[in-house]
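To start, the structure itself, in structure tokens.
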Amino acid sequence: MIKPVLLSFEKDRSIAPNVFVDLHLDTVFNEKTRAILAHPCFAAELLERQKVFTEIKKDTIFSAVVACRSAIADFAREIALWQEAKTKIEKLFLKVSVMEKYLQASQALCNLQGEGRLQKVAEYFQSKRDSKLTESIVQARNLLNLIRGAKIGHLDNQHIIAKNESEKTLYVEICDCATALGLSFSQKEYSAIYPDIYISRAFRTLYKEEIDKIQNLLEPYNAIDFDEILAYLPELDFFIQIEEFGKKTEKKQIPRCIPTLSKTKQFLLREMYDFTLLHLAEENIVPNNTYFSQEEPFFFLLGANGGGKTTYLRSVGSNLILFLAGCPVFAQSCIGYPFCDVRTHYPADERFTNIGRLEDEKKRVDKMLDGDISDVFFLFNETFSGTNQEKGYTFAIETVKELHQNNSFGLFVTHFHQVRETKYPTLHTVIQKDNHKRTYKITHAAPDGSSYAEDILIKYQMDRASLAQKLKINSERGR
């Protein structure tokens, strides 16, 4: 029986690290989780992961998954101690602890509940149960307990054998609590104190019969592949971190859903949220909709600064990456197509060595458009805004023409209002008519001229009265 996996990766599909920084996903998920999110799935893998996320939303199943992760983490720590052992007697004692942790981790995997891959993993380890192994480890532990009666005086009457590792130190308990809460922590630096080799030899002589029995009990299991279980640790970490973050968003009244997979190219979300704002303790995050389809695969997004354009761009990109990794997205509903890549173009740090900002932007855009881009989703944030209006607009239109020719999808945030006169569809920030405040809502409907005037007034922190006064003064000066 082939060992089942919880995650299968597409090495040929990879999202660049800068995309996660641009979309602020580096503030939400740790490096290991981002490494998994960086590989978009094909449809079959995407559906399998969705099944797991559907199951672990149930409290009992999630608890079993967390318990399994904890047991495997304990197993990994015991292996590290065993590998650091300096003497044969120490290695032998720790090998018994390793085998005990192996049995506990195996049992935790057997206890996984749910359908799909969770069920397959549980059935696989249930089929590998070995009652003889369990009996051998119990006998080995009983023999070790006899040896634990020996003490040595020059170490303040301490046991020469390490304490039972099931008795966790305060540091280990804190680490486990932090991991359960989704927090990261620095590894503790320490130097182990090992028994003198002569003392080790003395124990081997004093307890030769017991030690020989322990070695004979363990020898038939020397070929056990520990990596078979350890390989599940990063996979479980991924599902746990995504699910725990989802539970936090629900407490903030932000919905999440399992997307529906589409065979035709589209990315439609209803009431979509920018969940990356949660790390800023933002309240009242405004939801929006998306409209990407085969008929309208690409949009320009217009509006004054501070109107929510970049937030909308980030909402689209961050939820798209979650969808492509088989995760729930933060919206009321979602229908999506499994694009092969997501690429972003954000303003760069303006410290250029041999070229100017415009040349740098053109160079990065050319690199983004290289190769087959028919299944790529592009996100441009104020690209070519560093040059004059006419030149920047020309480069923007040329870029979008190439994307349309390759059937690519995407969104282009810009201040080039001339794009309204092109054939390409536009989205717009909404401003309240009564007090001219931004609503952070994005609309597909084309605005009238007055709404653009209000938008420009807000951009330059003016109102109609102050503009009229300024025009009057300029008119009088011109007489």
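Can you tally the net charge around Phe53? Count Lys and Arg as +1, Asp and Glu as -1, for every other residue whose Cβ sits under 15 Å from the Cβ of Phe53. Don't skip to the answer; put the middle values down first.
Details: positive: Arg49, Lys51, Lys57, Lys58, Arg117, Lys247, Arg256; negative: Glu45, Glu48, Glu55, Asp59, Glu115, Glu235, Asp237, Glu243, Glu244, Glu250.
Cβ neighbours under 15 Å give a net charge of -3.
Using every Cα-Cα pair within the stretch 342-431, state what percent have a distance larger than 23 Å.
Numbers: 900 of 4005 pairs.
Value for the stretch 342-431 (Cα pairs over 23 Å): 22 percent.
Relative contact order of the stretch 30-138, please, whole-number percent, based on alpha carbon pairs below 8 angstrom and at least 6 residues apart.
After rounding, I find 28 percent.
For the stretch 49-154, which whole-number percentage of the solvent-accessible area (1.4 Å probe, protein heavy atoms only) is attributable to carbon and sulfur atoms?
Details: 2450 of 4870 Å².
C and S atoms contribute 50 percent here.
Measure off 7 Å from each Cα along the Cα-to-Cβ vector at Gln418 and Lys363, then give the distance between these two points in nanometres to one decimal.
Distance between the two pseudo-spin positions: 2.6 nm.
Which log10 I(q)/I(0) values does the stretch 1-136 give at q = 0.10, 0.11, 0.18 Å⁻¹ under the Debye formula, counting every alpha carbon as one identical point scatterer?
-0.48, -0.57, -1.12
What is the sum of charges around Phe238, taking Lys and Arg as +1, Asp and Glu as -1, for the other residues whose C-beta is under 14 Å from the C-beta of Phe238? Spell out each step's value before the answer.
Numbers: positive: Lys32, Arg34, Arg49, Arg69, Arg117; negative: Glu31, Glu45, Glu48, Glu235, Asp237, Glu243, Glu244.
Spelling it out: positives minus negatives among the neighbours equals -2.
Residues in the stretch 324-343, backbone N under 17 Å from the label point at Ser374 (7 Å along the Cα-to-beta-carbon vector): list them, ranges by number please.
337-341, by backbone N distance to the label point.
Report the Rg/Rh value for the stretch 1-54, based on alpha-carbon coordinates and the Kirkwood definition of Rh.
1.02
Pop a pseudo-label 7 angstrom from the Cα along the beta-carbon direction at both Asn111 and Asp227 and give the gap in nm to one decimal.
Once both label points are built, they end up 2.8 nm from each other.
Could you pull out the pairs from Lys11/Lys32; Lys57/Lys441; Lys51/Lys120 whose alpha carbons sit more than 24 Å apart here? Intermediate results must be reported in sequence, preceding the final value.
Details: Lys11/Lys32 15 Å; Lys57/Lys441 30 Å; Lys51/Lys120 12 Å.
Those over the limit are Lys57/Lys441.
State, to one decimal in nm, how far the label point of Leu181 lies from the label point of Ser14, with both points 7 Å from Cα in the Cβ direction.
So the label points at Leu181 and Ser14 sit 3.6 nm apart.
Quote to one decimal, in nm, the extra length available between Lys251 and Gln389 on full extension: 0.36 nm per residue of separation minus the C-alpha distance between them. The partial results should precede the final answer.
Numbers: separation 138, 0.36 × 138 = 49.68 nm, distance 4.45 nm.
The span from Lys251 to Gln389 would gain 45.2 nm if fully extended.
Using the heavy atoms of the protein chains alone and a 1.4 angstrom probe, what is the accessible area of the stretch 1-72 per residue in square angstrom? Could the numbers behind the result be given before it?
On the way: 3430 Å² over 72 residues.
Normalised by residue count, the accessible surface of the stretch 1-72 is 48 Å².
Suppose R0 equals 25 Å. What FRET efficiency, 1/(1 + (r/R0)^6) with r the Cβ-Cβ distance, do His404 and Ala43 give to the nearest 0.05? Mind showing how you got there, number by number?
Working: r = 25 Å, r/R0 = 1.00.
E(calc), rounded to 0.05, equals 0.50.
The values are calculated or read from the model by the stated rules, or taken from the named source; none is laboratory data. Nothing here was measured: the structure is a model prediction, and the numbers come from that model. Cβ coordinates were reconstructed from backbone atoms using ideal geometry, including for glycine residues, and neighbour counts include every protein chain displayed. Side chains are part of the model used for accessible areas, which takes the heavy atoms of the whole protein and leaves out ligands, DNA and RNA. Shrake-Rupley method; radii C 1.70, N 1.55, O 1.52, S 1.80 Å.
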